Amino acid sequence: MRFTKITIVSIKKPQEHDLNETLQWFGASLGLFGARDKDKSCFRIFIELIKNLKEEEPISSDEIAQRTGLTRGTVVHHLNKLMSSGIVTSEKNGYQLKVDNLEGLTNIVKDNVDRAFDNLKEIAKDLDRKLRL
């Protein structure tokens, strides 16, 4: 069974217009990283993927590890998490965000959420009918 893990966290937007803080809020709101990401390793990987949007080619896990100072194992672990969320793809021995900008990223998440709720609604309707509710 193929799945996409979708997490949305309602977090108060940062007051200041600090780019780094806003990027952290953005990713945390999408459930990409949270309290368990104490050394901000997933956030750092996410930033490298954003930086790589301007490049034509995907970035390798080795290159991400080198740029972030993380082990390749840590990088691969977080890349797998980002792929399961449906926003990162693996191709040509590298990784990249599925879209060219962050607005497109939110559109992917929204489409995944809409599809998941449509499926839930359809199943709920069928269950209601079977349960005679």
Extreme residue, farthest from the chain's Cα centre (by Cα), among residues of segment 1-49 that are in a helix (DSSP H, G or I) and charged (D, E, K, R): Glu21
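Residues checked against (1) basic (Lys, Arg); (2) out of contact with any Gly (no Cβ under 6 Å at 6 or more places or on another chain); (3) buried (at least 17 other Cβ atoms within 10 Å of the Cβ); (4) farther than 21 Å from Trp25 by Cβ:
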{"site": "Leu79", "(1), (2), (3), (4)": "no, yes, yes, yes"}
{"site": "Gly86", "(1), (2), (3), (4)": "no, yes, yes, no"}
{"site": "Asn93", "(1), (2), (3), (4)": "no, yes, no, yes"}
{"site": "Val99", "(1), (2), (3), (4)": "no, yes, no, no"}
{"site": "Thr106", "(1), (2), (3), (4)": "no, yes, no, no"}
{"site": "Ala116", "(1), (2), (3), (4)": "no, yes, no, yes"}
{"site": "Asn119", "(1), (2), (3), (4)": "no, yes, no, yes"}
Test: residue in segment 53-60 that is at negative phi and buried (at least 16 other Cβ atoms within 10 Å of the Cβ): yes
Selected residue [among the hydrophobic types (A, V, I, L, M, F, W, C) and under 22 Å from Ile6 (Cβ atoms)] from Leu102, Leu70, Leu133: Leu102
Single condition Ile11 does not satisfy, out of (1) closer than 27 Å to Phe117 by Cβ; (2) of a type outside the set (D, E, K, R); (3) surrounded by 15 or more Cβ atoms within 10 Å (Cβ to Cβ): (3)
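This table checks each residue for (1) closer than 26 Å to Arg115 by Cα; (2) in contact with a strand residue (DSSP E or B) (Cβ under 7 Å, 6 or more places away or on another chain); (3) among the hydroxyl-bearing types (Ser, Thr, Tyr).
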position	(1), (2), (3)
Trp25	yes, no, no
Leu30	yes, no, no
Asn52	no, yes, no
Glu57	no, yes, no
Ile64	no, no, no
Thr68	no, no, yes
The lone exception for Leu32 - which of (1) touching a Leu at 6+ places or on another chain (Cβ under 7 Å); (2) within 19 Å of Gly104 (Cβ to Cβ); (3) modelled with pLDDT of 90 or more it fails: (3)
Meets criteria (aromatic (Phe, Trp, Tyr), in contact (Cβ under 8 Å) with a residue 60 or more places away in the chain, surrounded by 13 or more Cβ atoms within 10 Å (Cβ to Cβ) and under 30 Å from Asn119 (Cα atoms)) for Phe46: no
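The values are calculated or read from the model by the stated rules, or taken from the named source; none is laboratory data. These numbers come from a predicted model, not from an experiment. Neighbour counts are summed over all protein chains in view; Cβ atoms, including those assigned to glycine, are modelled from backbone coordinates with ideal geometry.
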